[in-house]
Amino acid sequence: MNRRWLMGIVGLICLGTVGYTVSIVAATPEEMLRRPFSCPGSSKAEAKDFQVLTVRKWEKGIVALSRGNCPSEAKSLQKEASVQPALSYRVVKRNGMEWSLKSTGSSFNQNPDKPTAGKQQKLIRYHVGRTHPNVKERHTVFYGEIFSPDVAAVEVVFDNGKVLRDTGTNGMLLLVGSGATGICDVRALGTDNQILQRDEPIPVRSPMGSNTCQPISGQL
């Protein structure tokens, strides 16, 4: 898979609304990446102004991050419902000559609040998605956005011991931890690898009896 092909996928924007399920199988990954995603908390509402932001490789295929506008969670007194930006990921696996959608998820993603006295500016905002515990091929997805130019990379430790780093291409974060069920550590790093901020979820005990870290969604 060459860089030109990946950039061609990223260029898919403002495409038509089509429904989809996680069990979809297609001859090419573009057939899945061009489909608008379901809004957070709603399987019927689909994102408007759909745009693919970045496409990355992972060990079993590709993963894409998209942005769209969805009805806001907050109640509005206006007649017209307000909209809120949302991010969505799609994990696609290659099986011979076919591609299958292994998982997808979405979260609302507002712009960071402006720093105020006594309140530190947010460096990144991220979300964590994971497959169902009963799924045979588990994985955890770390996705989000970098808001500070001081952040040169973000390093994530998954609960199966894998450590992955993202330099934030186009300001976006997107990592897939194959075999993981959550994350243990998130580190925002500067240009000389100094830790600017760090987030460590409290480990919890999984139903299988081993210690894991609770998937979280928050801000550094």
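Just one of the listed residues (Thr191, Thr181) is under 26 Å from Lys93 (Cα atoms) and at pLDDT below 95, and it is Thr181. For region 138-161, the tally of residues that are within 18 Å of the chain's Cα centre (by Cα) and closer than 24 Å to Leu101 by Cα stands at 11. So which residues in region 167-185 are surrounded by 19 or more Cβ atoms within 10 Å (Cβ to Cβ), more than 14 Å from the chain's Cα centre (by Cα) and either part of a strand (DSSP E or B) or touching a residue at least 60 places away in the same chain (Cβ under 8 Å) (or both)? Answer for region 167-185, where residues must be surrounded by 19 or more Cβ atoms within 10 Å (Cβ to Cβ), more than 14 Å from the chain's Cα centre (by Cα) and either part of a strand (DSSP E or B) or touching a residue at least 60 places away in the same chain (Cβ under 8 Å) (or both): just Cys184. Of all residues in region 120-166, those being among the aromatic types (Phe, Trp, Tyr) and in a loop (DSSP other than H, G, I, E, B) number 1.
The values are calculated or read from the model by the stated rules, or taken from the named source; none is laboratory data. What you are looking at is a predicted structure, and each value in this text was computed from that prediction instead of being measured. Note that we place each Cβ from the backbone using ideal geometry, even for glycine, and neighbour counts take in every protein chain shown.
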